[in-house]
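Okay, structure first, notes after.
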Amino acid sequence: MKHLRSISELGAEGLSRILKLTESMAEINTRAVPKVPALRGKTVVSLFFEDSTRTRLSFETAAKRLSAETMNFSVSTSSVNKGESLRDTIETITDMGVDAFVVRHKSVGVPWQISQWTNASIVNAGDGAHQHPTQALVDCFTVREALGKQDLSGLNLTIVGDIKHSRVARSNIHAFSMLGANITLVAPPTLLPLNIEHWPVKVSNDLDAVLASTDVLYMLRLQSERMAQGLVPSLHEYSTRYGLDEKRVAALQSSAVVMHPGPMNRGVEMLIDPSDIPNSLIHRQVTNGVSVRMAVLFDLLSVEELS
Ligand code: NCD
């Protein structure tokens, strides 16, 4: 695999290969010294044109645990502020000798565009509302780990909230349906994409009606920074209808698990402290984020077997 820009580029075979490799990386992360020489001599650049906490830091940690060199590009202190174009920025960094770009950008398609300008591998860490493939890998791995099974056929995954602006939802719908899950989207009609009838999902506007049959409840952040106009009448109304509170957690089956990609909007979609949710996987998602990104970087860059 040369690039990881979308789940469809990865395909079903790639998805299972990365999930398998993640198990080996998770084992490395339990060692007293969680570091292997696998990517010694390789250089990974983080190019984040949009804010990030966990994705950026987990890629950086992942690269370091595989002994790669890391370069950090901070837009606010770079020549982008002097008007340098994206192409010139990529070509400049490429000239220094890099093996992979981890890119996040507000515009859809930037990872594909960049791959025309460099020979390095490209990992999409989020392009607009389009794709966030490593988050979907994290989530598939975390669900399989929590349920103790590889095959997710028949699993009922409910994704709640701002589907329209969510790259996490798009990548997850693709990945979980490849693993056999049944997916239900719950959102106000204004927060659903226009072409939803072509997606492999069921749609509901009533969260309470689907809780009892949900195995995995996946809450999304209301992405106000991507909203052109007021798509929800009021935050209060949104949280009343789509927020996760104690009563809704109690209405879940005792085996159901709850997920959120972070960052959470407390008081909007999360009306309960995650530590009060019995089966919250939110911390596991963050922890597994490092192992998954190690697996991805290893798969893209390694020339040797894992030791
Ligand atoms: C998400 C993102 O940036 O797409 N966060 C993440 O990577 N964990 C989700 C979000 O911003 O709501």
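The values are calculated or read from the model by the stated rules, or taken from the named source; none is laboratory data. Note that the coordinates shown come from a computational prediction; the quantities given were computed from them, not determined experimentally. Please note: Cβ atoms are built from the backbone with ideal geometry, for glycine as well, and neighbour counts cover all protein chains shown.
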Any hit, the range 104-116, residues being within 16 Å of the chain's Cα centre (by Cα) and surrounded by fewer than 17 Cβ atoms within 10 Å (Cβ to Cβ): yes
Subset of the range 258-307 [of a type in the set (Val, Ile, Thr), outside any loop (DSSP other than H, G, I, E, B) and under 20 Å from Thr214 (Cβ atoms)]: Val258, Ile282
Flag for Arg5 being over 17 Å from Gly289 (Cβ atoms), modelled with pLDDT of 95 or more and buried (at least 22 other Cβ atoms within 10 Å of the Cβ): yes
All positions within the range 160-181 that are within 14 Å of the ligand (Cβ to nearest atom) and of a type in the set (Gly, Ala, Ser): Gly161, Ser166, Ala169, Ser171
Hey, Gly41 closer than 16 Å to Thr134 by Cβ and either of a type outside the set (D, E, K, R) or modelled with pLDDT of 95 or more (or both) or not: no
Failed condition for Ser255, given (1) assigned to a loop (DSSP other than H, G, I, E, B); (2) closer than 30 Å to Val36 by Cα; (3) among the hydroxyl-bearing types (Ser, Thr, Tyr): (2)
Residues of the range 250-273 that turn out to be under 21 Å from Glu145 (Cα atoms) and more than 19 Å from the chain's Cα centre (by Cα), as a count: 5
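Residue by residue, here is whether (1) among the β-branched types (Val, Ile, Thr); (2) assigned by TED's automatic domain parsing to the domain that holds Val210 holds:
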site: Thr92; (1), (2): yes, no
site: Ser107; (1), (2): no, no
site: Ser115; (1), (2): no, no
site: Gly128; (1), (2): no, no
site: Cys140; (1), (2): no, yes
site: Asn156; (1), (2): no, yes
site: Ala175; (1), (2): no, yes
Boolean, Val290 is modelled with pLDDT of 95 or more, out of contact with any His (no Cβ under 6 Å at 6 or more places or on another chain), within 16 Å of the ligand (Cβ to nearest atom) and closer than 30 Å to Lys35 by Cβ: yes
Residue ID - farthest from the ligand (Cβ to nearest atom), chosen from residues in the range 72-94 that are under 21 Å from Leu4 (Cβ atoms) and surrounded by 15 or more Cβ atoms within 10 Å (Cβ to Cβ): Thr94
Hits in the range 227-247 (condition: buried (at least 19 other Cβ atoms within 10 Å of the Cβ) and free of Cβ contacts under 8 Å to residues at least 60 places away in the same chain): Val232, Tyr238, Ser239, Gly243
Tally, over the range 21-65, of residues that are touching a residue at least 24 places away in the same chain (Cβ under 8 Å), touching a strand residue (DSSP E or B) at 6+ places or on another chain (Cβ under 7 Å) and either over 14 Å from Phe298 (Cα atoms) or within 16 Å of the ligand (Cβ to nearest atom) (or both): 10
Positions within the range 248-286 being without any contact (Cβ under 8 Å) to a residue 12 or more places away in the chain and either surrounded by 12 or more Cβ atoms within 10 Å (Cβ to Cβ) or within 16 Å of the ligand (Cβ to nearest atom) (or both), in sequence order: Arg266, His283
Residue match in the range 66-78 (condition: over 28 Å from Ser224 (Cβ atoms), free of Cβ contacts under 8 Å to residues at least 24 places away in the same chain and not aliphatic (A, V, I, L, M)): no
Selection within the range 1-18 - outside any helix (DSSP H, G or I) and closer than 10 Å to Asp299 by Cβ: Met1, Leu4
All strands (runs of 3 or more DSSP E) inside the range 28-147 with 2 or more residues being of a type outside the set (Phe, Trp, Tyr) and more than 25 Å from Val168 (Cα to Cα): 69-74
So Leu185, is it within 16 Å of the ligand (Cβ to nearest atom), touching a residue at least 24 places away in the same chain (Cβ under 8 Å) and buried (at least 24 other Cβ atoms within 10 Å of the Cβ): yes
